[in-house]
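**Student:** Pasting a structure below so you can have a look.
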Amino acid sequence: MTLRIESLELRNFRNYEEAVIDGLGDITVLVGENAVGKTNLIEGIQLLTALASFRHGTIDQLVRHGENQGRAALRATDGNRQLDIELLLDGKARKYRLNGKAKRPLDLKGLIPSVVFTPDDLDLVKGSNSGRRSALDALGSQVNKSYYTVRRDYEKVVRHKNRLLKDEADPTLVEAIDEMIVTVGAQLTVYRIALFERLRPYLVEKYREISGGREELGACYVPSWEALFRKTDETASFDGPHRASSASSSPFTRDEAREALARARHERAGEERRRARALVGPHGDQILLTLDGQDASIYGSQGQQRSIVLAYKLAEAAVIEEILDQKPVLLLDDVMSELDGRRRAALVEAMEGGSQTFITTANIDYFDEAMLNRSKVVNLPLDKKGCGC
Ligand SMILES: Nc1ncnc2c1ncn2[C@@H]1O[C@H](COP(=O)(O)OP(=O)(O)OP(=O)(O)O)[C@@H](O)[C@H]1O
Ligand SMILES: [Mg+2]
C-alpha cells in the first residue's frame, strides 16, 4: 500500500525556526505571499522523499542563518506501518534516520518516491543536455539503487580521469582509468537507455493529450559514441539516415555498449589528451526532444515547451508507479500560474489520480471550491507557535 505523509516538522531549516504541519491529506495547498517559505517546504519534503533537492542546496544554505544544526522530519503511514524519516543537518554532514536508526540515503531510496515540478523545469527543454541527463539520473536513482551507485561511481572516475588529463599524467595511468570508464560508463548508458525507453511512450502519450494532438513529440537518447560523430547541424533535426533517427533509442546490451565505448575512446584518445578533458562516455550522451522532427529547444514555442515539461513530469510519475508499484508524492511549486486551462486540467487530473500532492501558490483563486474542499489548506506564514494544524 502507498505510504501517505501525515505530518512534517522543521527546525532551523531554511527560514523556519520551528514548524509543525500535521493532519495532511491527499492534497495540501500551501498558500502565502512571496518569500514566506513555500518553496522551502517543498524542498524539505523532497529531501525527505527523493533524498535530493532540486535546488542542490549545501548544508550551510539549508540550515537557518545563524544556526549550526537543522532538522526536517516526516511521519508517514500506510495503515499498517508507521515510518519516521528524519534528516539532520549537522555542521558538514547530512544524516538520515529511519524510525530513529541511522541510515544511508541509499537505504531510503524508493521508500517514498516523489516528483517535483517547478517553473525552473522549463530548462528541461530549453537548457543543456546535462540538465536532461541529471533529470533522468535523478529518476533512475529513485527507482533503482544500482542505477544510483553506478552513476555515483561513474562521476568519480570521470573526475579522476579529467584530473589525470589536466596533469598530463603518464598515458598508462589514463589507460588504466579508461578501463573503468568503459565498464562503468557502458553500464550507466545501458541503464539510462532502458529507463528512457520506459519513459518515452508515456511522454509521447501525455504530450498528445495535453497538446490536443496538434504535433508529434519525439524523444531520443543518443550515446556519446554516436553523438560525437554527428555534425552539429544534424542535432536540429532527425531526418538523416542516422541510427538515432529511428523512433526509439537503440537498446544496447552491456557488451555492445562496452565495445562501442571502447572503440570511440580509442579513436578519441589523442583529442582527449589535447583538450585535457574526457570526451567519450555517458557524460557526453544527449537527450533530444523534437516536435514534428524539429529540435524543441530551438523551434518550440513557450507553450509547447511548457507542455513538454508537464508531459515529462507526468511521465516520470507513471514510470515510478510502474516500477515501484507506488504512486509518487507530487510536489508542485508555483506551477499553476504558468499553465493555461488545458494544461491546468491535465495537472489537476493527475492530482486526483491518487498521488498525495503538495502544491504551493501565492493565489488561491487558481483552485476551484470543490478542490479546496477536498484539500488541506495551509496558510503561510504559520502561526506564532509554528503550527499549521
Ligand atoms: N538558510 C536560510 N536561513 C534563513 N532564511 C533563509 C534560508 N534560506 C532561504 N531563506 C529565506 O527563505 C525565504 C523564503 O523562501 P522561499 O523560496 O521558500 O519563498 P516562497 O514562499 O517560495 O516565495 P515565492 O512566492 O517568491 O516563490 C526567503 O526570504 C529566503 O531568503
Ligand atoms: Mg517559491
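**Student:** Any idea how many residues of the stretch 297-336 are in contact with a strand residue (DSSP E or B) (Cβ under 9 Å, 6 or more places away or on another chain), in contact (Cβ under 8 Å) with a residue 60 or more places away in the chain and under 22 Å from Leu41 (Cβ atoms)?
**Tutor:** 14
**Student:** Could you look through the stretch 357-381, keep only residues that are away from ligand 2 (no atom under 16 Å from the Cβ) and either surrounded by 18 or more Cβ atoms within 10 Å (Cβ to Cβ) or among the polar types (S, T, N, Q) (or both), and pick out the one that is nearest to Val36 (Cα to Cα)?
**Tutor:** Out of the qualifying residues, it is Lys376.
**Student:** Here is a further query. For the stretch 279-296, does any single residue satisfy the condition of being part of a helix (DSSP H, G or I), free of Cβ contacts under 8 Å to residues at least 12 places away in the same chain and of a type outside the set (A, V, I, L, M, F, W, C)?
**Tutor:** Checking the stretch 279-296: not a single residue is part of a helix (DSSP H, G or I), free of Cβ contacts under 8 Å to residues at least 12 places away in the same chain and of a type outside the set (A, V, I, L, M, F, W, C).
**Student:** I need the full set of residues from the stretch 28-77 which are of a type in the set (Val, Ile, Thr), more than 29 Å from Asn144 (Cβ to Cβ) and more than 8 Å from ligand 1 (Cβ to nearest atom), in order please.
**Tutor:** Once the filter is applied, which keeps residues that are of a type in the set (Val, Ile, Thr), more than 29 Å from Asn144 (Cβ to Cβ) and more than 8 Å from ligand 1 (Cβ to nearest atom), the stretch 28-77 yields Val29, Val31.
**Student:** Please work out if Ser301 is surrounded by fewer than 19 Cβ atoms within 10 Å (Cβ to Cβ) and closer than 30 Å to Pro201 by Cβ.
**Tutor:** Spelling it out, Ser301 is indeed surrounded by fewer than 19 Cβ atoms within 10 Å (Cβ to Cβ) and closer than 30 Å to Pro201 by Cβ.
**Student:** Testing Gly354 on (1) assigned by TED's automatic domain parsing to the domain that holds Glu43; (2) more than 16 Å from ligand 2 (Cβ to nearest atom); (3) not in a loop (DSSP other than H, G, I, E, B), one condition comes back false. Which one is that?
**Tutor:** (3)
**Student:** Pairs needed: first member in the stretch 48-67, under 22 Å from Arg133 (Cα atoms); second member anywhere, within 16 Å of ligand 2 (Cβ to nearest atom) and outside any strand (DSSP E or B); C-beta distance under 6 Å; at least 6 residues apart or different chains.
**Tutor:** Hits for this filter: Ser53/Glu43; Ser53/Gln46; Ser53/Leu47; Arg55/Glu43.
**Student:** Now, a different point. Check the stretch 144-152 and report whether any residue there is within 25 Å of the chain's Cα centre (by Cα) and part of a loop (DSSP other than H, G, I, E, B).
**Tutor:** We begin by selecting, within the stretch 144-152, every residue within 25 Å of the chain's Cα centre (by Cα); these are 144-152.
Checking the rest, the ones that are also part of a loop (DSSP other than H, G, I, E, B) come to 144.
Yes; the residues of the stretch 144-152 include at least one that is within 25 Å of the chain's Cα centre (by Cα) and part of a loop (DSSP other than H, G, I, E, B).
**Student:** Then there's this: Among the residues of the stretch 369-389, what is the count of those that are in a loop (DSSP other than H, G, I, E, B) and either closer than 9 Å to Ala19 by Cβ or within 14 Å of ligand 1 (Cβ to nearest atom) (or both)?
**Tutor:** 5
**Student:** Out of (1) within 13 Å of ligand 2 (Cβ to nearest atom); (2) assigned to a loop (DSSP other than H, G, I, E, B); (3) of a type outside the set (A, V, I, L, M, F, W, C), the odd one out for Asn40 is which?
**Tutor:** Tallying (1) within 13 Å of ligand 2 (Cβ to nearest atom); (2) assigned to a loop (DSSP other than H, G, I, E, B); (3) of a type outside the set (A, V, I, L, M, F, W, C), Asn40 fails exactly one: (2).
**Student:** Residues Val174, Val143: which one is within 23 Å of Ala317 (Cα to Cα), of a type in the set (Val, Ile, Thr) and outside the structural domain of Asp78 (by TED's automatic domain parsing)?
**Tutor:** Val143 is the lone residue from the list that is within 23 Å of Ala317 (Cα to Cα), of a type in the set (Val, Ile, Thr) and outside the structural domain of Asp78 (by TED's automatic domain parsing).
**Student:** Shifting gears a bit: Tell me, which residue of the stretch 106-122 that is acidic (Asp, Glu) and surrounded by fewer than 18 Cβ atoms within 10 Å (Cβ to Cβ) is farthest from ligand 2 (Cβ to nearest atom)?
**Tutor:** Within the stretch 106-122, the match that is farthest from ligand 2 (Cβ to nearest atom) is Asp107.
**Student:** Given the criteria near ligand 2 (Cβ under 10 Å from one of its atoms) and not basic (Lys, Arg), does Gly25 qualify?
**Tutor:** no
**Student:** State whether one or more residues within the stretch 85-103 are outside the structural domain of Leu188 (by TED's automatic domain parsing), under 25 Å from Val377 (Cβ atoms) and surrounded by 14 or more Cβ atoms within 10 Å (Cβ to Cβ).
**Tutor:** Within the stretch 85-103, one or more residues are outside the structural domain of Leu188 (by TED's automatic domain parsing), under 25 Å from Val377 (Cβ atoms) and surrounded by 14 or more Cβ atoms within 10 Å (Cβ to Cβ).
**Student:** Would you confirm whether any residue within the stretch 337-351 is assigned to a loop (DSSP other than H, G, I, E, B) and modelled with pLDDT of 90 or more?
**Tutor:** no
**Student:** Also, I was wondering about something else. Residues of the stretch 84-130 being at pLDDT 95 or above and touching a Ser or Thr at 6+ places or on another chain (Cβ under 7 Å), which ones?
**Tutor:** Once the filter is applied, which keeps residues that are at pLDDT 95 or above and touching a Ser or Thr at 6+ places or on another chain (Cβ under 7 Å), the stretch 84-130 yields Ile112, Pro113, Ser114, Val125, Lys126.
**Student:** Going through the stretch 310-341 one residue at a time, which ones are farther than 24 Å from Lys109 by Cβ and either aliphatic (A, V, I, L, M) or within 16 Å of ligand 1 (Cβ to nearest atom) (or both)?
**Tutor:** Listed by number, the residues that qualify are Leu310, Ala311, Asp334, Val335, Met336, Ser337, Glu338, Leu339.
**Student:** Being acidic (Asp, Glu) and not in a helix (DSSP H, G or I) is the filter here, so list the residues in the stretch 310-326 that pass it.
**Tutor:** If the condition is that a residue be acidic (Asp, Glu) and not in a helix (DSSP H, G or I), then Asp325 is the only one that fits.
**Student:** Give the residues of the stretch 139-175 that are crowded, with 16+ Cβ neighbours inside 10 Å and farther than 30 Å from Gly110 by Cα, sorted by residue number.
**Tutor:** Lys161, Asn162, Leu164, Leu165, Val174
**Student:** Go through the stretch 17-42 and report how many residues are free of Cβ contacts under 8 Å to residues at least 40 places away in the same chain and either over 20 Å from Phe54 (Cα atoms) or among the hydrophobic types (A, V, I, L, M, F, W, C) (or both).
**Tutor:** Residues flagged as free of Cβ contacts under 8 Å to residues at least 40 places away in the same chain and either over 20 Å from Phe54 (Cα atoms) or among the hydrophobic types (A, V, I, L, M, F, W, C) (or both) within the stretch 17-42 amount to 1.
The values are calculated or read from the model by the stated rules, or taken from the named source; none is laboratory data. No experiment lies behind these values; they were computed from the predicted model shown. Using ideal geometry, Cβ is built from the backbone for each residue, glycine included, and neighbour counts are taken over all protein chains shown.
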